[in-house]
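Inspection log for the structure reproduced underneath, given as C-alpha cells.
The values are calculated or read from the model by the stated rules, or taken from the named source; none is laboratory data. Since we're looking at a predicted model, the values are computed, not measured. Virtual Cβ from ideal backbone geometry, glycine too; neighbours counted across all protein chains shown. SASA here: full protein model, heavy atoms, side chains in, ligands and nucleic acids out. Shrake-Rupley method; radii C 1.70, N 1.55, O 1.52, S 1.80 Å.
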Amino acid sequence: MNSNTELAPAVRSILEAARDRSGGDGVVDVDARSLPDALAAAEADGRVPVIAEVKPTSPTAAGTRADDPVELARAMVAGGAAAISVLTEPTHFDGSPAALTRVREAVDVPVLRKDFVLEEDGMDVVDADLLLLIARFVDDLDGLVAAARDRGFQPLVEVHDRAELERAIDAGAEIVGVNNRDLARLEVDLETFESVAPEVPDDVTLIAESGISSPADARRMRAAGADALLVGSAIMDHGAGDSDVTENTRRLARAESTETEQI
Ligand SMILES: O=C(O)c1ccccc1NCC(=O)[C@H](O)[C@H](O)COP(=O)(O)O
C-alpha cells in the first residue's frame, strides 16, 4: 500500500476507522447475481449501464440524505439503473451492512458493497454480489481477489493509474473500475479514466467511477470505453435534499438515447 502521507486527511481517517472495525463471525458464501449479465441487459434495452450508488453522505458531499436506502434503491432501479452500489462504511458515509442486506432483498439487480476492505476478514461482514477492492489500499491484491472469489463475490478492483491497473490485471481482475477521484486531494478529473482506459484488456468489464454528473459526462466516459458508469453524488444530489432520484438516474441511463436532449 502507498504511504498514508500521500492521502487526503479524510481518507487517512477512513482507513484508520476501517482498521478499527472488526470482521464477520464466519466466512460468507454468496450466490452472486452476474454484473456482466445485468450490464448486457441494460445495453440490450437501450440504456447506458449505470451502477447507481446509495451514498447517504461523504467527505465531499454537499449534505446528507437520510432517506430509506431501500426506497432510494427502488427509485434508482425505476430510473433504469443496471445495478446498485451501497456504501456500508459507517463513520464517514453514514452507511451500514444492514442497509445493504435490505437493499439486496428489495431489488433484483446486482448489488455492490462499497467499503474500504483492507483484510480478508473484512469481507465476511455481509453478503453482496460485488465487493470493492481498492488497489491502492491493499498489499496482497492477488490474495484478496482470490479470497473474494472463494466466497462467491465478483471482485471489482478499483485503480487510479496505469501502475495500479497493471497490478489489478496481474491479480486476475475481470471487473476493473477507474476512479476519477484522486484520493490524495479528493479532486475529480474525468481525464483519469480517459488516460487509463486504453490500457485495459478488451475482456475486462470496465467501469468509470466518480465525478459523472451530466448526460454529456456519461457520453464522454462511454466514448472512452466505459462498459458501465458508477454514479453517486449526481443521483443522490445531497445539497438538494429531496431531489428526484429516479429522474436523476434516468437522465444518465438515457444519455445515449436519440430522444435525449444533448446536454
Ligand atoms: O465521495 C467521496 O467524497 C469520497 C471521499 C473519500 C474516499 C472515497 C470517496 N468516494 C467513494 C467513491 O468511490 C464514490 O462514492 C463513487 O465512485 C461515486 O462517486 P460520485 O459519483 O462522484 O459520488
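Averaging Cα coordinates gives a centre for the range 87-142 and one for the range 34-62; these two points are 15 Å apart.
Length gained on full extension, Asp45 to Arg19: 5.2 nm, using 0.36 nm per residue less the C-alpha separation. Based on protein heavy atoms only, the chain ends up with 42 Å² per residue of surface accessible to a 1.4 Å probe. Surface calculation, 1.4 Å probe, protein heavy atoms: Arg74 sits at approximately 120 Å² accessible.
A Cβ-based charge dipole, computed about the Cα centre of the range 28-131 with Lys and Arg at +1 and Asp and Glu at -1, lands at about 500 debye. Among Val145, Val159, Val27, whose mean-square fluctuation peaks in a Gaussian network model of the chain (Cα, cutoff 10 Å)? Judging by the Gaussian network model, the answer is Val27. Here the Kirkwood formula, the inverse mean of 1/r across different C-alpha pairs, assigns the range 1-154 a hydrodynamic radius of 16.2 Å. Close amide-amide hydrogen proximity is noted between Arg151 and no other residue 5 or more places distant or on a separate chain, at a cut-off under 5 Å (H modeled in the peptide plane; Pro and chain starts excluded). Dividing the helix sum by the residues of the chain, where each DSSP H run of 4 or more adds -39500 (n - 2.57), gives a mean residue ellipticity at 222 nm of -9500 deg cm²/dmol. Surface composition of the range 12-114: carbon plus sulfur atoms hold 46% of the accessible area, using a 1.4 angstrom probe and ignoring ligands, DNA and RNA.
Placing unit charges on the Cβ atoms of the charged side chains and taking the dipole of the range 48-125 about its Cα centre, the candidate lying farthest along the positive direction among Met76, Val103, Phe93 is Met76. Remark: spin-label model distance Arg12-Glu256 equals 4.2 nm, labels positioned 7 Å along the Cα→Cβ axis. Taking Ala82, Ala163, Ala40 as the candidate residues, the one with maximal mean-square fluctuation in a Gaussian network model of the chain, Cα springs under 10 Å, is Ala163.
How would the chain be classified by its alpha-carbon gyration tensor: rounded, prolate or oblate, with rounded meaning a/c under 1.5 and the a/b versus b/c comparison settling the rest?
It comes out rounded by the Cα gyration axes.
Starting from the Cα of Ala223, move 7 Å in the Cα-to-Cβ direction to define the label point; list residues of the range 21-56 whose amide nitrogen is under 18 Å from there. Answer for this model: 48-49. Legend: residues Val188, Val103, sorted from most to least accessible area (1.4 Å probe; ligands, DNA and RNA excluded), read Val188, Val103.
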